[in-house]
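All remarks here apply to the structure that follows.
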Amino acid sequence: MYLPLTSPPISLESNHHHCAVGRIFLVLITSCAASAFLAGTSAFSQAVTIDSSGRVADPNNPSTVDRRFAQVEPTKVEFSKLAMDAKNRQEVIRIMQSEQGFAMRPFPKGHKGLTLVANGKLDPAGESYLEMITKEGTSAKPGDRLVLTDVKIENSKIIFDINGGPDRKHRFLRHVQIGTGPAMSPVVQDNEQEPTGARLTLDFKGRLPELTGSQVKALLAPLISFDVKTPIQAFTDTLPPKLKEAILNHHVMVGMSTEMVLFAMGQPEKKVREMDGQMPFEEWIYGAPPKDVQFVRINGNRVIRVELAKVGEKPQIFEKDEVEGLMRTDGSPLIPAANNTKTVAMGDVVRNPDTQAPAAPPSLRNPGEALPQDQDKGSAGTMRPVQFPKQKPDDHPDASKLPRQKPTDEEGQQPAADTQPDSARPDQAKPPDPPSQPN
């Protein structure tokens, strides 16, 4: 006996509300299950930090990285002994909301963001800072203009959302849909554009003191500059003094990035793409004859060659990297290696074999050192001319005058003397008589 698989009819007018609520509940359960699965998966994951040279970085012993990702210098701002009240809280939010500044360090995307301890250090810093930038992406580069779009004060922290923040708006409602039957529509209607902002947390580690707007700006100075500047001033303030002076004087150095070149020289008048063997490069050309012409060769994002051509003069070519040392973690230039090269002689040393002995072979002895067994001998390692043995008086220098011994037979006896005359030997036949002439 077969039973029908169809269910009894349900009135849509009386049950459409329950259907919608059940569908919303099902969506929430699915979202929670997915979140729990992802959280469980990430709990068993393992993170390995790789530095810029390809080695696994030790978090307890950070290696040298770019100075833009190095630890900041702690500020020294004096705080009030009074705690922050509701009035001071609203005053700080009103002053810092929509405030504009310039980035002094790269700001990463992502929900976590950077954490700066008040009068303390930055977290993360070093290789972990670089890893966050590589993984999450860059929200703002040094010198970019920033806007504090949202300010929140929670317990002992002040949270700043920069350029819109790293999170989407309505994070919970974005997963909820409302509708009847198969037609469902999301509660939040947007264009699904990914957020590009950043987040910065100012942590006071305990009690939040009474603050003013100037004190908050001073605490954020290592990361954000609120001074009135032009874009080129804001960018060059993040660089070492020598590099800053070169950009302000419109001078291009080998090792600069394309962004530095644009701030120093502006857009090039002409760009040419060529190949040098297997290496592609791009030539940026500034100027035209009869004025000076500057050729800036770029590979990837770095300047690898600068050529300056002046009318009537030999072109000047620069290929040595001058920026690499300036961008180290400590900010100091590379110390040139000491020149310990000592030239002893140019070319091969010619010695006269008749009057000069060869050089002594290498030895482990100190100069002038002598061993006990060498007291009666010459100096160690000294080579003298070769002495041949003297010739004895009974020797014969001429080998042709040496006495010769007759050969012997196999039994050791000398063969018997041949006494038979030559005429009696059978093998010595007389020549035949000439033929007679006929008469």
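The values are calculated or read from the model by the stated rules, or taken from the named source; none is laboratory data. Owing to the predicted nature of the structure, the values given are computational and were not obtained by experimental measurement. Here the Cβ positions follow ideal geometry from the backbone for every residue, glycine too, while neighbour counts run over all protein chains shown.
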* Unmet requirement for E259, which otherwise passes all of (1) assigned by TED's automatic domain parsing to the domain that holds K157; (2) surrounded by fewer than 17 Cβ atoms within 10 Å (Cβ to Cβ); (3) in contact (Cβ under 8 Å) with a residue 60 or more places away in the chain -> (1)
* Asked: Do we have any residue at all in the range 153-168 that's in a loop (DSSP other than H, G, I, E, B), in the same structural domain as K109 (by TED's automatic domain parsing) and in contact (Cβ under 8 Å) with a residue 60 or more places away in the chain?
  -> no
* Filter the range 113-132 for residues that are in a loop (DSSP other than H, G, I, E, B), out of contact with any helix residue (DSSP H, G or I) (no Cβ under 8 Å at 6 or more places or on another chain) and either crowded, with 19+ Cβ neighbours inside 10 Å or basic (K, R) (or both) and give the result. => G113, K121
* Asked: Only one of (1) over 23 Å from the mean Cα position of the chain (by Cα); (2) touching a residue at least 12 places away in the same chain (Cβ under 8 Å) is not met by Y129, so which one is it?
  -> (1)
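Check whether at least one residue in the range 191-214 is surrounded by fewer than 14 Cβ atoms within 10 Å (Cβ to Cβ), assigned by TED's automatic domain parsing to the domain that holds E78 and more than 40 Å from the chain's Cα centre (by Cα), and report yes or no.
Kept after step one, since they are surrounded by fewer than 14 Cβ atoms within 10 Å (Cβ to Cβ), are these residues of the range 191-214: 191-194, 205-207, 212, 214.
Retained after the next criterion (residues that are assigned by TED's automatic domain parsing to the domain that holds E78): 191-194, 205-207, 212, 214.
When the remaining residues are screened for being more than 40 Å from the chain's Cα centre (by Cα), the result is 207, 212.
The answer is yes; a qualifying residue exists.
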* Which of the residues belonging to the range 92-112 are surrounded by 15 or more Cβ atoms within 10 Å (Cβ to Cβ) and either part of a strand (DSSP E or B) or basic (K, R) (or both)? -> G101, F102, A103, R105, F107, P108, K109
* Tell me which residues, restricted to the range 238-260, are in a loop (DSSP other than H, G, I, E, B) and in contact with a strand residue (DSSP E or B) (Cβ under 9 Å, 6 or more places away or on another chain). => T238, V252, M253, V254, G255, M256
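Select, from A234, A264, A221, A288, the only residue that is surrounded by 12 or more Cβ atoms within 10 Å (Cβ to Cβ), over 30 Å from D161 (Cβ atoms) and hydrophobic (A, V, I, L, M, F, W, C). If you could, list the steps in order and put the result at the bottom.
Values: A234 fails: over 30 Å from D161 (Cβ atoms); A221 fails: over 30 Å from D161 (Cβ atoms); A288 fails: surrounded by 12 or more Cβ atoms within 10 Å (Cβ to Cβ).
When all the criteria are applied, what remains is A264.
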* Asked: Considering R145, R174, which residue is on the phi < 0 side of the Ramachandran plot, loosely packed, with under 15 Cβ neighbours inside 10 Å and among the charged types (D, E, K, R)?
  -> R145
* Filter the range 77-93 for residues that are closer than 16 Å to L148 by Cβ and either without any contact (Cβ under 8 Å) to a residue 40 or more places away in the chain or touching a Leu at 6+ places or on another chain (Cβ under 8 Å) (or both) and give the result. => Q90, V92
* Could you tell me which numbered condition F172 fails, if it satisfies all but one of (1) more than 21 Å from E99 (Cβ to Cβ); (2) free of Cβ contacts under 8 Å to residues at least 40 places away in the same chain; (3) under 31 Å from the mean Cα position of the chain (by Cα)? => (3)
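Hey, does the range 71-90 have a residue that's at pLDDT below 80 and in a helix (DSSP H, G or I)? Let's see the steps before the verdict.
Within the range 71-90, the first condition is being at pLDDT below 80, and the residues that meet it are none.
No - not one qualifying residue is present in the range 71-90.
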